[in-house]
There are 2 protein chains.
Amino acid sequence: MESTNPTAAILVIGDEILTGRTREGNAWHLAGVLANAGFDLKEMRVVSDDHDRIVEAIRALDKSLGGAYDHLFTSGGIGPTHDDVTADAVADAFGVGIGINEQARAAMQARYDKLGLELTGNRLRMARIPDGAELIENAASAAPGFTLGGTHVMAGVPEVFSAMVDALIPRLVGGRPLVSREVEIMRGESDVAEDLAEIARQNPKLSLGSYPFTREGRYGTKLVVRGLDEPAVETAFAQLCQRIGVTP
Amino acid sequence: MESTNPTAAILVIGDEILTGRTREGNAWHLAGVLANAGFDLKEMRVVSDDHDRIVEAIRALDKSLGGAYDHLFTSGGIGPTHDDVTADAVADAFGVGIGINEQARAAMQARYDKLGLELTGNRLRMARIPDGAELIENAASAAPGFTLGGTHVMAGVPEVFSAMVDALIPRLVGGRPLVSREVEIMRGESDVAEDLAEIARQNPKLSLGSYPFTREGRYGTKLVVRGLDEPAVETAFAQLCQRIGVTP
């Protein structure tokens with residue numbers, strides 16, 4: 001698919017995903033948000049809570065560090081415990097220092113005062129922010145995320161991740177939203193492969209996909225037409241439906 | 001965590017994941033299988049149905065091609081339609097040819113005969129296998145996956161992926177299964193950060209993780225101890241529970 005939208009990658013940091021104990025959901029959520037906000041998500045990665053792996057991935061994925069994409073969104077590893085190593089890894093990837101950020105400390109202090117809790121050493125660890133970073137507000141639990149270069153660092157807890165995404169996305173300049181039309185047919189994908197390929201050939205700016213499934217023991221296929229040009233998507237989708245003889 | 005187990009990565013191929021329309025489940029399933037079978041899963045990636053991106057990822061991840069890990073498991077892009085480009089990309093990554101594999105054709109022919117279907121051009125496309133690859137049986141729908149070097153290529157349809165995983169894993173030499181013990185407490189993770197860090201310091205061969213959650217408006221934390229040495233995991237877990245005052 002042809003796209004002039006800004007490109008993006010998602011980096012999920014966390015052993016709990018790699019050991020199969022937790023099913024990843026933050027990247028899935030953000031992928032949908034990015035499609036609607038006009039970002040072209042090209043890649044997702046999951047790495048463990050390991051300083052060197054995180055540094056390596058950030059450098060490979062953030063264009064401002066010579067990597068591949070305009071924006072890199074990370075999830076996980078910015079909490080108060082010993083296995084939360086993301087903020088230090090980001091500082092190292094960018095070659096900057098890290099320390100308590102006064103704006104972050106103030107946001108956390110306000111919340112902890114309200115809750116009647118003390119802002120102790122471990123909690124304060126969440127106010128450690130790489131030098132020069134801009135904070136991402138956390139409406140869910142105060143401890144902020146941050147942006148440095150093209151890298152946007154957010155928490156792994158789903159409610160907090162989602163709150164940070166809500167705060168961050170409106171301040172980024174996206175492109176045209178991805179438009180998608182789909183239909184399900186109860187036929188195997190081999191049956192429609194030629195028609196699909198023909199429509200794809202006629203529409204090089206669109207992306208046509210087919211996704212087989214089984215339902216009650218029968219084979220079906222979901223056909224999807226995607227692109228940034230809505231009228232072109234609608235026209236190609238109508239052509240496809242006509243060729244394979246289904247009502248959209 | 002210290003591990004002498006073979007290392008592994010998972011590469012998921014598919015636009016439908018990157019556009020946020022489908023929540024990834026195959027990598028999640030395989031991650032659990034790999035932990036139990038004694039493989040140390042280090043990384044997951046998701047890339048689009050794009051020949052060059054797939055080639056690049058395979059070369060970066062498969063040690064037999066100079067990449068990072070002993071095993072690379074892929075999901076997606078080996079169906080009969082124009083957007084299924086994985087088999088060709090794998091052949092190119094390894095610099096080998098690709099063509100109809102007679103063993104694959106025979107397996108598919110037997111199944112299609114049984115179903116009374118013709119093995120047409122599009123369906124036959126699924127018997128195209130890189131030269132020198134070993135087939136992975138597909139008990140769900142016949143069209144096989146394949147292994148080339150350290151790369152194991154499987155389908156994206158969950159039932160088929162799962163059938164291929166079942167056929168493949170027993171023939172690979174794994175290591176020691178990952179042992180994991182966990183407990184949930186209704187306290188924030190800051191409260192237990194020091195105890196957790198202390199147990200982690202005392203047990204450098206184990207991995208200790210804490211995962212905050214909210215339930216009915218209250219904060220909780222899941223504490224996890226992981227490792228390959230079961231008695232060491234049990235001992236460290238008991239120490240942790242004692243320190244934070246919970247019953248395992």
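Label-to-label distance for residue B:111 and residue B:63 is 3.2 nm, based on points extended 7 Å past Cα in the beta-carbon direction.
Comment: the Cα-to-Cβ extended label point of residue B:102, at 7 Å, lies 7.9 nm from its counterparts in the other copies, nearest first. Summed over the residues of the protein assembly as shown and divided among them, the accessible surface reaches 42 Å² per residue at a probe radius of 1.4 Å. Rounded to the nearest 10 degrees, the inclination of helix A:102-115 to the longest alpha-carbon principal axis of chain A is 90 degrees.
Label separation (residue A:198 vs residue B:182): 5.1 nm, computed from points 7 Å beyond Cα along the C-beta direction. Take every Cα pair under 8 Å whose residues are at least 6 apart in sequence, average their separation, divide by the length of the stretch A:55-197, and the relative contact order is 23 percent.
Binning all Cα-Cα separations of the stretch A:7-171 at 5 Å, short to long from zero, yields these whole-percent fractions: 2, 9, 19, 23, 22, 15, 7, 2, 1, 0. Between the stretch A:1-24 and the stretch B:112-139, the alpha-carbon centres lie 32 Å apart.
Length gain on complete extension for the stretch residue A:131 to residue A:173, per 0.36 nm per residue less the alpha carbon to alpha carbon distance?
Numbers: separation 42, 0.36 × 42 = 15.12 nm, distance 2.35 nm.
Net length gain for the segment: 12.8 nm.
Along the axis of the charge dipole computed for the protein assembly as shown (Cβ charges of +1 for Lys and Arg, -1 for Asp and Glu, origin at the Cα centre), the listed residues A:8, B:101, B:219 are led at the positive end by B:219. Against the main long axis of the alpha-carbon atoms of chain A, helix A:158-168 sits at an angle near 90°.
What do you get for GluC sites (Glu not before Pro) in the stretch A:146-234 restricted to DSSP loop and a cutoff of at most 11 other Cβ within 10 Å of the site's Cβ?
Details: sites: A:159, A:182, A:184, A:189, A:194, A:198, A:216, A:234; in loops: A:216.
Those satisfying the criteria are A:216.
Taken over the C-alpha atoms, the stretch B:179-244 has Rg and Dmax values of 11.6, 37 angstrom.
Residues of the stretch B:69-89 buried by at least 10 Å² of accessible area upon assembly of all protein chains, compared with the chain on its own (1.4 Å probe): B:69, B:80, B:81, B:82, B:83. Computed on chain B, with alpha-carbon pairs under 8 angstrom and 6+ residues apart, the relative contact order is 18 percent.
If you take the accessible area of B alone, add that of A alone, and subtract the area of the pair, what total do you get in Å², probe 1.4 Å, to the nearest 100? Adding both sides of the contact gives about 4900 Å².
Once the Cβ-Cβ distance between residue B:139 and residue A:51 is put in as r, and R0 is 60 Å, what FRET efficiency do you end up with, to the nearest 0.05? Intermediate values should be presented prior to the final figure.
Working: r = 42 Å, r/R0 = 0.70.
Using R0 = 60 Å, I get an efficiency of 0.90.
Can you compute the FRET efficiency between residue B:238 and residue B:214 using 1/(1 + (r/R0)^6), with r the Cβ-Cβ distance and R0 = 22 Å? Round to the nearest 0.05.
After rounding, the FRET efficiency stands at 0.20.
Legend: residues in the stretch B:116-165 shielded by at least 40 square angstrom of accessible surface upon adding the remaining protein chains to the isolated chain (1.4 Å probe, heavy atoms) are B:122, B:123, B:157. For residue A:49, the residues whose amide H sits under 5 Å from its own are A:14, A:15, ignoring neighbours fewer than 5 places away on the same chain, with H placed 1.01 Å from N.
Note down the magnitude of the dipole of the stretch A:179-244 about its Cα centre, charges +1 on Lys and Arg C-beta and -1 on Asp and Glu C-beta and zero elsewhere, to the nearest 20 debye. Write down the numbers at each step before the final one.
Values: 9 positive and 11 negative charges, 19 e Å.
With only Lys, Arg, Asp and Glu charged at Cβ, the dipole is about 100 debye.
Charging the Cβ of each Asp and Glu at -1 and of each Lys and Arg at +1, and nothing else, the dipole of the stretch A:48-139 about its Cα centre rounds to 260 debye.
Considering only B:130, B:147, B:177, the residue lying farthest towards the positive end of the dipole of the stretch B:124-248 is B:130, judged by Cα position with unit charges set on Cβ.
Roughly to the nearest percent, how much of the accessible area of chain A is carbon and sulfur, given a 1.4 Å probe? Don't skip to the end; give the middle numbers.
On the way: 4920 of 10310 Å².
Roughly 48 percent of what the probe reaches on chain A is carbon or sulfur.
With both bridge residues required to lie in chain B, what share of the DSSP beta bridges run antiparallel, to the nearest 5%?
On the way: 25 of 42 bridges.
Around 60 percent antiparallel, to the nearest 5.
For the protein assembly as shown, with the dipole built from +1 on Lys and Arg beta-carbon atoms and -1 on Asp and Glu ones, taken about the Cα centre, which of A:245, B:197, A:65 lies farthest toward the positive end? Ranked along the dipole, the leading option is A:245.
In a reduced charge model with +1 at each Lys and Arg Cβ and -1 at each Asp and Glu Cβ, the stretch B:107-248 shows a dipole moment near 220 debye about its Cα centre. Remark: C-alpha extents of the protein assembly as shown on the principal axes read 71, 53, 42 Å, sorted largest to smallest.
The values are calculated or read from the model by the stated rules, or taken from the named source; none is laboratory data. Keep in mind it's a predicted model, so treat the numbers as computed, not measured. Cβ sites come from the backbone with ideal geometry, for glycine too, and all protein chains shown count toward neighbours. Remember, those area values only see protein heavy atoms, side chains included, never the ligands or the DNA or RNA. Shrake-Rupley method; radii C 1.70, N 1.55, O 1.52, S 1.80 Å.
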